[in-house]
Every structure is written in C-alpha cells, then in structure tokens.
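Remarks on the structure that follows.
Taken together, the values in this text are just the output of simple stated rules run on the coordinates, not laboratory data. No experiment lies behind these values; they were computed from the predicted model shown. FYI the Cβ positions are ideal-geometry reconstructions off the backbone, even for glycines, and counts take in every protein chain you see.
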Amino acid sequence: MDWQSLAYAIVQVAHNFGAAALVGSAFSALWLADRQPEIRYKLAWVMLLGWAVQAASGAGFGAVSFLYYGELPDIHGIAIAALVIKIACAAGGFLLAAVYLRAAARWAEPARTRAWRVQAVLSATALTAAAFLRWFS
C-alpha cells in the first residue's frame, strides 16, 4: 500500500468536507434567513468547525509532504498567492464565526445578514483559491 497517497487522500477528504460545510452553511444561512432565522446560530457552529478543519487539513498537506520528503511543498507564484488568500479567508472566516456566535444576538438583522454574506464570499473565495493552489503548484 502507498502510505503517502493514503495520507494525502485522508487529508483531502477532510479538506473537501470542510469546504462543503463552509460553502453550504454560508449560502444556506442566507437562503433560510427569512424562513428559519434560528438556524443561523447552528450554522455558525458549522462555519467555525469548517474553518478549523480547513486550517488543520491545509496544514496536514504540508505535514504529509514534510514527513515523506523532509520539506514543505515547493510552491511559487500563483500558488503562493492562492495559499495566502486561503489562509486569510480561513482566519477571517473563523474569527467572524466566533464573533457571530458570541455577539450576533445583540446585532440588528441587517448586520447578521452582512456577516453571512461575508462568510459566503470568504468561503467561495477560499474554494476558488484552492483550485489555483492545486493546479499552479
């Protein structure tokens, strides 16, 4: 068995499910806002966990490379820009989800909706950057 490929596949599965949770939760929160506003709180937990999974699995890719090759992946140019964008999205999205969980009950509805729009943009941007990171590295 090719243990390196298995390790990468496991990390990729976590990364894919994290991405699906992020995009799905953000857009669901916007779509369900008028019908079920209380679900947004639960979706904010999914967002927080999704961003954490993205960060951990992203680091996992580097860890697998380091374990098998003794160095981090050799990326440059567009791939580095995509990685920086993904990291910024993950940090911003995680922070926004944490703030939302702590304070959104005191926010006016337009502010809560704006937060979910930002989450939607961050998650879609991170997912898009992932494609550039994959194919330009």
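Pairs, please: C-beta under 9 Å, at least 6 apart or cross-chain, first residue touching a residue at least 60 places away in the same chain (Cβ under 8 Å) and closer than 19 Å to HIS15 by Cβ and in the range 114-137, second part of a helix (DSSP H, G or I) and among the hydroxyl-bearing types (Ser, Thr, Tyr)?
Pairs that qualify, where the first residue is touching a residue at least 60 places away in the same chain (Cβ under 8 Å) and closer than 19 Å to HIS15 by Cβ and the partner is part of a helix (DSSP H, G or I) and among the hydroxyl-bearing types (Ser, Thr, Tyr), are GLN119/SER25; GLN119/TYR100; SER123/SER25.
Any idea which residue in the range 43-67 is farthest from LEU83 (Cα to Cα), counting only those that are over 14 Å from the mean Cα position of the chain (by Cα) and surrounded by fewer than 17 Cβ atoms within 10 Å (Cβ to Cβ)?
Looking at the filtered set, the residue picked out is LEU67.
Taking ARG35 as meeting all but one of (1) out of contact with any Lys or Arg (no Cβ under 8 Å at 6 or more places or on another chain); (2) in a helix (DSSP H, G or I); (3) not small (Gly, Ala, Ser), write down the number of the exception.
Failed condition: (2).
Could you count how many residues in the range 16-42 are touching a residue at least 60 places away in the same chain (Cβ under 8 Å) and under 18 Å from the mean Cα position of the chain (by Cα)?
So the answer is 10.
Considering only the range 69-91, I want to know if a residue exists there that is over 21 Å from LEU122 (Cα atoms) and assigned to a helix (DSSP H, G or I).
Checked the range 69-91: at least one residue is over 21 Å from LEU122 (Cα atoms) and assigned to a helix (DSSP H, G or I).
Scan the range 59-75 and report the pairs whose first residue is closer than 20 Å to TRP135 by Cβ and whose second residue is part of a loop (DSSP other than H, G, I, E, B), with Cβ atoms within less than 6 Å and a gap of 6+ or a chain change.
Note: pairs meeting the criteria are GLY62/LEU72; SER65/LEU72; SER65/PRO73; ILE75/SER137.
Anything in the range 81-100 that is within 16 Å of THR128 (Cβ to Cβ) and not charged (D, E, K, R)? List them, or say none.
ALA81, ALA82, LEU83, VAL84, ILE85, ILE87, ALA88, CYS89, ALA90, GLY92, GLY93
Do you know which of the residues in the range 76-90 that are surrounded by 13 or more Cβ atoms within 10 Å (Cβ to Cβ) and free of Cβ contacts under 8 Å to residues at least 24 places away in the same chain is farthest from LEU48 (Cα to Cα)?
Step by step, filter the range 76-90, then rank; the result is ILE80.
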